[in-house]
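Enquirer: Have a look at this one.
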C-alpha cells in the first residue's frame, strides 16, 4: 500500500519532519511518501496563504500513484477538491485529529500557532460535527515554521488550555508539532493527538477496508473544461490521467 | 463610490451579463466595474474548479482601487482570503442572497445549476447561519454557461422546489441567472432573490455606513512571506500595495 | 422611494435622534419619515413594555404610504405582525444589525442597555440564525432614555465586551445609541454597527430590487375578523386600507 | 389553590369549552377560573391577531388573584410579558403540550388549524428546545372557531401526520380542540396531548412545589414608567397592584 | 392512583429520604411507594455504576402494579428500557427537573455531586432539548451518599454556579439532595428545582390525563427472546406479566 | 498487539461471523479475539435488550488482557462504562462506522434491522456529532439473528435508502451484516461501511499511536464501592484487577 502525505506549504524542513512522523507510524508493508508543492506559500498562516496553497497541493495529489492521500496542514486546505481528483481516500489532519480525539475523552482542546488561525479551526470543528467535543481553541503565538523548536511554548499553551477548557484531551493544531507529540503528552498528562499520525492511519484503514471516496455524487470526477492563463495546465482532463477509472460506478442494476 | 464585481470564472459573456445586472441596480453616484480573471476555469462546477478560481479572483481584487468588492459566484470562493486582502467590505453572492431572502419570507429554496453543487450551497447555508431558513437546495441540471439561456428549465425547477419545500421565496443559485430574475419571479409567483444584485447593494450599504472588514482579528492583513514557483507573484507584500493603511487600527487607548 | 422608520416607544426626543440618523444615511432620492406611536410605553425595557408597544407600532405602520418600514427598537417588536400588514419590506434593527455585523468580522458583541434585555437579544440571535456569530451580549446598565447621553458608559461596555468575548465587531443594542456610532467606533477601534442605519439601507436595497414580503404563505394578509373593546379599531379590514393590492399573487400559471 | 386560565381571544363559546376541559382535569382542591379578555381579536390566526391579543390577555392576568396562570392559545402569546407581571408561574399551552408529548414517545406531530400558523408552531418548538422531538407540523385547514365541531377533519389530519412524520404522539395545535382529545386519541391510536390539560396540571404542579417565576433576572417586575394614549391604563405601576411582594428576593446573604 | 418511585442504588437510607419527599408532594388520593433494588451498586457515581444499576431498577419496575414510575437518579438510568417494559409513564428526575426549571426562569445551573458526573448531565440536557436552557453544570464534590448531610457545600456550590453562569434557577443534580430543597432555595435566593418532586408530579399529571408511553413505535413491548446465565430471569416474557395489555393499540381503522 | 472484540449478545454463530470479519481486516501482528458474554439476551433488538446486555459485556471486557476493545453491536451498549473500566481504547461499531462513512462521501444512510432500532441510531448520530452527515436511518425489517442470511433484503433496503435519502455512502446498522459488506457494496454501487471492520482498525490505530482513554476526567477508573445481590461480583475493586495502573497520570508538574 502506498500513502502520499502532502505538506501544502513549501518548507522542506517541515516536510521532512512530517515525513519522519508519518513513516514511523505506518503499518508493515505501507510505503509512505511525503512531498510538498513547488509553488505557493512558505507557510500557511492566513486564509490567503491557505487559498494559495491549494493549486500546488492539488498538483502534488493529482500526479501521485498512491492508494490514499493525507493533507498535512491543520486547515485541511483543498480537501474537497482533492476528493474529486483521485479515487482513493483523502484525509485532512484536522479532520483526523478531531475525530480521533473524540474517541479517547469527553472533550478536547485544540492548540494552534497564531491566534488568527483559531477561527478556521472552529469552522472545521463545526463542519466535521466535532463542535460538541471541542472545548476550546487556543494559540501558542508561535509562527508555523518555528513551532517545532518551541515545544515549551506549546506545552504551556496546552496546559493552560486543559485547565481553562476543562478538557481531557489535546489536539495539536499544526503539522509542525508532529515530532513533539510524545513529549507534549508526557509533560501535559492527558492524551495528545497529532493529526499527521491519525490521518496516515486513517488512510491506511480505509485502504485496507477497500473504501474509496464515493463517486456517486458530489465527489465524482469534475466535469472537464478549459483553464486559462497561469493555471492553464490545471485543466481537468490534463490533470487527471486515468484516475477514477475503477470507481464505484459498477452498481449492479440501479 | 466604486464597487468592483468579480466573476471568478473566465467567461466574458457571463461577466458582461453580471456587469449589466450589477450596474443597473447600483444607486446614484456608484460606479460599478465588473471583471473576470485572466486565469483559471471557464466555469465553476466542482470543488476543484472553485479552488482553482481563487488565485485569479484574488488577483483581480488585490489590484483594484474599489471601495468594496463582490464575488459573483454562488460558491463564494475565496471570500475569507479576500477579506484579508483589502480594507473595504467583500461580499459573496450566496451570502448576500440567503440573508436577503430570509428578510422577505419564512423559508427559501435555492435553485442551482448542476446537482453536484448542492452540497456546497448547503455548506454555505450552515456557515452563514441560514440553514434554518433554507428549506431545500435543488438543481435545474443545466451547466453554468448555458443557464442564462435556459430560463424555462430554471422556472420549472423553481416551481418544483417551492412546492416540494413549502418555501415562500426562491434564491437563484448561480450568477448566470441574474439577468432572468424578474422573469423568473413573474412566472413563479414568489419573491426571487438574485445574489448579484443583493451583494452589490450590500456593499453599497456597508460603504455608505463606513463599515469595513474588521482588522482587529482574523481578517487583519496576512503576515508577509515568500511564495514560490508559479505563484511567486502572489507573495503577500507584492500583492497588497498600500491597502489597509487606514484600517480600524486607531483605537483611542486600549 | 419612501421609507418609514417607526420608533415603537413614545419618546419624541429619541424619535428625533433616530430620525436624524436615518435621514443622514439614506441614499439620494429616498425620503425618510420617522415617527412614534401616540400610545404605549415611554421606553421599552421589558417583555411587558415590548408587548404593549406593538399596537401603537402596528398602527403607525398600517397608516403609512411608505415603500418599506423600519422597526427601530432592538427587540424587533411586532416584526412578523407588521410583515402581514403591509406589502413592502419591514426590517427590524436587531435583525439588520446582526446580519450586517456578520459581514465585517468573525464574531460580534452586542452591547445593550439594561441587563434584563440580554435574553431577548440572544433569542433574536437564535431566531435569525446569528447565534454562531454572536460572541456575547452585555449591558451597559443605562436606561434606554438616558443612553444617548451616556456615551462613555457605552464605550466602556463595548471595550469590555470585545476583550471578554474575543469579538472583532460591536453591535449597538439600542436605537438610542444611533447618534453615537461614529464616536464609539473611533474610541473602541473595531467596526461598530448601528441597526437604525443598517435597517434603513436594507429596506432601501430591498425596495430597489423590487422585493416585498412574500404573500405566498405565512405573511399573506391576515384573515379579516372583528376586534372588540379598546382595540376595536384594530380589526383587520379597518386597518388595512388597500394594502397588498399589488402583492406577489399574480403567478403566471401555478 | 387557584389557577386562572386565559383564552386570549374574545370568543365566549371557546372560552367555555376550554374552561370545561381545564376544570375537569384539575386536582382536588384546585379552583380553576377561565376567562377571556374584553378587547382584542375574535380568534387568533395570524401574527397580527396574536400581537393584538396580548394587551387584553395581560390585563386579565394582571387583575387576577390566582396562584398560577395558563395562556390557552397554541401560539403562547405574551408568555414572557406575563411572567414579568405576576409572581406565580405562567404556562403556555404549546410549551406544556410539547414538553408533555416528549415524555410519552420518540417524536410528535403537531396538528394545527390554518396552514399559516405552522411557522409559529415551529418557532416555539425551537424556542422550547423541542425541535428534536417535533417530527412535523400540519394544518387541518379549519378556522379556529370552527375546529371544535370539525373533529373528523382533525382526526384525518392527525392520521396523515402520524403516517407522514413517522411520529408516535400527536400534539393538538389549538385550544379549540381540547374537548375532542379523548375521541381523537381513540380514533388515531397514539397518545394525543392537549395543551390546556397539560398546562393546567403543570401550573398545579409548580404551585404545589412552591415554584414561582424567578425574580432574580429577566423576569423580575418590569421597571415602572408612563404609558400613553389608548394604553395609558397599562402603565406598569397601575397594573401591578401588590404583585411580586413575596418574590424570591429574600436570599440569605448573597 | 399508584406511583412507584425507584431509587436505582441500594442505599435504604437514601431511598427513605426520597420516599419522604415523594410522598409529601403527591396529591390527594395518590399512593406513592418508594423502593430500591436488591442488587447493584450502593451508589451511582460513574457510567459503570449507572450501567450496573439498570437490571435491578428494571426488575423493580417490572414487578410493580403502579400506574406510573419515577427513576430517582439524576443520570436517568434505564429510562428508555423502562418505557418499553410497562404501559404507564416512566419519568426520570433529570428530565423532569430540567423541563421544570425551564418554566420558571431564563436559564438554570445544575449542581451535581462528583465532578465526573458533569458530562452525563450535559448529555441529558442535550438529549432532552434542554441544552439551550442549561447555563452550566457544577459539582459540589461530595459523594452521593454524603450529600444529604452536606447542605452547606451544596448551597455554596449553588451560589457559585448562579454567579458564574448568570442563571436564575438551580436544578439539584442528585436525588440525595431532595430533602434539602427548601433550605437551599431559601439560602440561595432563586427557585431551586428538585427532580424527585418534579417527576412525581409529572407522573401524576400524565396519569390524570390518561397518557401512557406510546406503543406505536420504538417503545412498544420488546420482542420476546431467551436470556442466559446470571440474567436468565430477565427474559422478556418472564418479566412482563400481563403489562401493556391495554396499550394504545386499538386505533379505530388505520 | 491484542484486540478484543465483544459481541454483546449471546449468539455464538453471530460471534463467529463477527470474529471472521474482525480477524480478516486486522493488520500484520495484530491478534484479534472475539467473544460473547455468558449471560444476557440472545440478540439486541430493544432498549431493554441493550440495557441487559451491558453487564455481560463489561464482564468480558474487564477480564481481558487486550490492548484495546471493540463493542460489536450497533447500539454501542455500555461504551462509556467500558471506557472507565480499562486503560486501552474502547470503540463502538456505530461510532466507528459513522465517523468512517463521513470520510468517504457527503452523507450516509444507515440501514438497520428492525424499525424500532432506528431511534437509537439517530441518538448515536447526534451524540457523536454525525447527525449532519446522516441522511436517513432505514430498517430492512429482518431480525438480528436472521440478517446475515437475508442479504437480498439488506441490499434492497440499501438501494431504497440511497435513493430516498440522496446519500452517497451506506452504513451497515448491525454487526450481523459484517460478512456481507463486499457483496452489498458491489450490488448497491456506493461505498458500504461495516462498523466491525472500521472499529477494529480504529482500535489498532489508537494503540499504534499510544493513545488510551483519558484518565484525567470523566473516564478515570470508577470509585470503588460495594455491589449487592445478583451483581455482587461486579463491585468495582473485584472487577478491575490491576487495570489503569499505567494510565495518563504521570503528568510532569501540573
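The values are calculated or read from the model by the stated rules, or taken from the named source; none is laboratory data. Every value quoted in this text rests on a predicted model; they were computed, and no experiment measured them. So basically every Cβ, Gly included, is an ideal-geometry build from the backbone, and we count neighbours across all protein chains shown.
Enquirer: Within the range C:126-139, track down each residue that is within 24 Å of residue C:7 (Cα to Cα), outside any loop (DSSP other than H, G, I, E, B) and touching a helix residue (DSSP H, G or I) at 6+ places or on another chain (Cβ under 6 Å).
Expert: C:137, C:138, C:139
One line per residue, one yes/no per condition, for (1) within 7 Å of chain D (Cβ to nearest Cβ); (2) within 27 Å of residue E:40 (Cα to Cα); (3) modelled with pLDDT of 95 or more; (4) within 22 Å of the chain's Cα centre (by Cα):
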residue: E:164; (1), (2), (3), (4): no, no, yes, no
residue: E:178; (1), (2), (3), (4): no, yes, yes, yes
residue: E:185; (1), (2), (3), (4): no, no, yes, yes
residue: E:205; (1), (2), (3), (4): yes, no, yes, yes
residue: E:209; (1), (2), (3), (4): yes, no, yes, yes
residue: E:214; (1), (2), (3), (4): yes, no, yes, yes
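Enquirer: Quick one: residue E:189 ticks every box in (1) at the interface with chain D (Cβ under 8 Å from one of its Cβ atoms); (2) more than 17 Å from the chain's Cα centre (by Cα); (3) more than 25 Å from residue E:149 (Cα to Cα) bar one, so which box is it?
Expert: (3)
Enquirer: In the range C:89-122, which residues are over 25 Å from residue C:11 (Cα atoms) and facing chain B (nearest Cβ under 10 Å)?
Expert: Of everything in the range C:89-122, those that are over 25 Å from residue C:11 (Cα atoms) and facing chain B (nearest Cβ under 10 Å) turn out to be C:99, C:100, C:101, C:102, C:103, C:104, C:105, C:106, C:107, C:108.
Enquirer: Can you tell which of B:22, B:26 is within 12 Å of the chain's Cα centre (by Cα) and either over 23 Å from residue A:80 (Cβ atoms) or not assigned by TED's automatic domain parsing to the domain that holds residue B:206 (or both)?
Expert: The unique qualifying residue is B:22.
Enquirer: A further question on this structure: Which one of these is part of a helix (DSSP H, G or I) and surrounded by fewer than 24 Cβ atoms within 10 Å (Cβ to Cβ): D:38, D:23, D:53?
Expert: Answer to the check: D:23.
Enquirer: Quick check on residue B:144: is it crowded, with 23+ Cβ neighbours inside 10 Å, under 18 Å from residue B:9 (Cβ atoms) and assigned by TED's automatic domain parsing to the domain that holds residue B:175?
Expert: yes
Enquirer: Looking at the range A:60-70, is at least one residue within 16 Å of residue A:144 (Cα to Cα), within 14 Å of chain B (Cβ to nearest Cβ), over 15 Å from the mean Cα position of the chain (by Cα) and surrounded by fewer than 24 Cβ atoms within 10 Å (Cβ to Cβ)?
Expert: Scanning the range A:60-70 turns up no residue that is within 16 Å of residue A:144 (Cα to Cα), within 14 Å of chain B (Cβ to nearest Cβ), over 15 Å from the mean Cα position of the chain (by Cα) and surrounded by fewer than 24 Cβ atoms within 10 Å (Cβ to Cβ).
Enquirer: Residue under question is residue F:30, and the condition is that it be crowded, with 24+ Cβ neighbours inside 10 Å and touching a strand residue (DSSP E or B) at 6+ places or on another chain (Cβ under 7 Å); does it hold?
Expert: no
Enquirer: To continue, here is another question. Could you list, in sequence order, all residues of the range F:140-192 that are within 16 Å of residue F:98 (Cα to Cα) and not in a helix (DSSP H, G or I)?
Expert: F:167, F:168, F:169, F:170, F:171, F:172, F:173, F:174, F:190, F:191, F:192
Enquirer: Please find, among C:211, C:206, C:201, C:172, the residue that is within 19 Å of residue C:50 (Cβ to Cβ) and either surrounded by 18 or more Cβ atoms within 10 Å (Cβ to Cβ) or without any contact (Cβ under 8 Å) to a residue 60 or more places away in the chain (or both).
Expert: Criteria check complete, one pass: C:172.
Enquirer: So residue D:3 fits all but one of (1) part of a strand (DSSP E or B); (2) surrounded by fewer than 21 Cβ atoms within 10 Å (Cβ to Cβ); what number is the exception?
Expert: Residue D:3 satisfies all of (1) part of a strand (DSSP E or B); (2) surrounded by fewer than 21 Cβ atoms within 10 Å (Cβ to Cβ) except (2).
Enquirer: Among the candidates A:32, A:110, which residue alone is in contact (Cβ under 8 Å) with a residue 12 or more places away in the chain, in the same structural domain as residue A:153 (by TED's automatic domain parsing) and farther than 29 Å from residue A:235 by Cβ?
Expert: Matching residue, one of A:32, A:110: A:110.
Enquirer: Identify the residue in the range D:123-132 that is at negative phi and out of contact with any strand residue (DSSP E or B) (no Cβ under 6 Å at 6 or more places or on another chain) and, among all such residues, is farthest from the other protein chains (Cβ to nearest Cβ).
Expert: D:124
Enquirer: Considering only residues that are in contact with a helix residue (DSSP H, G or I) (Cβ under 7 Å, 6 or more places away or on another chain) and without any contact (Cβ under 8 Å) to a residue 60 or more places away in the chain, which ones fall in the range E:140-159?
Expert: E:140, E:141, E:142, E:147, E:151, E:154, E:155, E:158, E:159
Enquirer: Of all residues in the range F:166-176, how many are facing chain A (nearest Cβ under 9 Å) and either within 25 Å of residue E:120 (Cα to Cα) or in contact with a helix residue (DSSP H, G or I) (Cβ under 6 Å, 6 or more places away or on another chain) (or both)?
Expert: Here the count works out to 1.
Enquirer: Further question on the same structure: Which number in (1) assigned to a helix (DSSP H, G or I); (2) closer than 19 Å to residue C:77 by Cα; (3) in contact (Cβ under 8 Å) with a residue 60 or more places away in the chain marks the one condition that residue D:14 misses?
Expert: (2)
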